[in-house]
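Enquirer: Take this structure first; my questions come after.
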Amino acid sequence: MNKAELIEAMAANAELTKADAKKALDAFIGATSGALKKGERVALVGFGSFSVAQRAARKGRNPKTKQEINIAAKKVVKFKAGSELAGTVDN
């Protein structure tokens, strides 16, 4: 499902116009991105939680040349599915 299909599904399920569903989705993405940028955790009970984790620097290997390279440390976004979401996918 891409963004346009998600907007269409949100509009149908919530009885909104596609424009209103797009505004709601964009607001959610903006608020979530802003919170993660500040290092905060975003938790949606039953659905899951988004958080930021620090990935340590490490050694890697260029698959083409087989030469060892250094991979810099960086922050990454992690998502952990909630129990309700995991239950719907499991069945």
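Enquirer: Of all trypsin sites (Lys or Arg not before Pro) in the stretch 13-91, which ones are in loop regions per DSSP and have a Cβ with at most 15 other Cβ atoms within 10 Å?
Expert: For trypsin sites (Lys or Arg not before Pro) across the stretch 13-91 that sit outside H, G, I, E and B with at most 15 neighbouring Cβ atoms in 10 Å, the list reads Lys38, Arg41, Lys64, Lys66.
Enquirer: Consider just the alpha-carbon atoms of the chain and return their Rg together with their Dmax, both in angstrom.
Expert: 18.3, 55
Enquirer: From the phi angles alone, apply the Karplus equation (6.51, -1.76, 1.60; θ = phi - 60°) to the stretch 62-74 and give each ³J(HN,Hα) in whole Hz, x where the residue is Gly or Pro.
Expert: So the J values, rounded to whole Hz, are 6, x, 7, 9, 6, 7, 6, 10, 9, 9, 5, 5, 7.
Enquirer: Sticking with this structure for a sec: If contacts are Cα pairs under 8 angstrom and at least 6 residues apart, what is the relative contact order of the stretch 47-91 in percent?
Expert: 48
Enquirer: Okay, next question. Rounded to whole Hz and in sequence order, give me ³J(HN,Hα) for the stretch 44-60 from the Karplus expression 6.51 cos²θ - 1.76 cosθ + 1.60, θ = phi - 60°, writing x for Gly and Pro.
Expert: 10, 3, x, 8, x, 9, 9, 8, 10, 10, 8, 9, 5, 5, 7, 8, x
Enquirer: Shifting gears a bit: Taking the radius of gyration and the Kirkwood hydrodynamic radius from Cα positions alone, what is the Rg/Rh ratio for the stretch 41-91, to two decimal places?
Expert: Using Cα coordinates only, the ratio equals 1.25.
Enquirer: Note down the net charge around Arg58, summing +1 for each Lys or Arg and -1 for each Asp or Glu among other residues with Cβ under 14 Å from its Cβ.
Expert: Neighbour charge sum, excluding Arg58 itself: +3.
Enquirer: List the pairs from Lys38/Lys75; Lys38/Lys78; Lys37/Lys75; Lys59/Lys80 whose alpha-carbon separation is above 19 Å, in the order I gave them. Don't skip to the end; give the middle numbers.
Expert: Values: Lys38/Lys75 12 Å; Lys38/Lys78 15 Å; Lys37/Lys75 10 Å; Lys59/Lys80 26 Å.
Cα-Cα > 19 Å for Lys59/Lys80; rest within.
Enquirer: Another question, then. Could you tell me the relative contact order of the chain? Use alpha-carbon pairs under 8 Å, at least six residues apart, and round to a whole percent.
Expert: With pairs under 8 Å counted, the relative contact order is 21 percent.
Enquirer: Something else about it: Test of understanding: given the chain, find the longest segment containing no GluC sites (Glu not before Pro) that are in a DSSP loop and have at most 16 other Cβ atoms within 10 Å. Don't skip to the end; give the middle numbers.
Expert: Details: sites that count: Glu15, Glu40.
By the stated rule (loop sites, at most 16 other Cβ atoms within 10 Å), 41-91.
Enquirer: Charges at C-beta only: +1 for Lys and Arg, -1 for Asp and Glu. How large is the resulting dipole of the stretch 41-91 about its Cα centre, in Debye rounded to 20?
Expert: Result for the stretch 41-91 is approximately 540 debye, rounded to the nearest 20.
Enquirer: Another question about this same structure. Taking Cα atoms, how many degrees apart are the long axis of helix 18-37 and the longest axis of the chain, rounded to 10 and kept between 0 and 90?
Expert: So the helix axis and the longest Cα principal axis differ by about 40 degrees.
Enquirer: For labels at Ser83 and Ala19 in the simple 7 Å Cα→Cβ model, what's the distance in nm?
Expert: 4.2
Enquirer: May I ask you to list the chymotrypsin sites (Phe, Trp or Tyr not before Pro) in the stretch 1-87 that are in a DSSP loop and have at most 15 other Cβ atoms within 10 Å of their Cβ?
Expert: Filter output for the stretch 1-87: Phe47.
Enquirer: Please state the charge dipole magnitude for the chain, taken about the Cα centre, from unit charges on C-beta atoms (+1 on K and R, -1 on D and E), reported in debye and rounded to the nearest 20.
Expert: Rounded to the nearest 20 debye, it is 980 debye.
Every read-out reported here was derived from the displayed coordinates using simple, explicitly stated rules and does not represent laboratory data. No experiment lies behind these values; they were computed from the predicted model shown. FYI the Cβ positions are ideal-geometry reconstructions off the backbone, even for glycines, and counts take in every protein chain you see.
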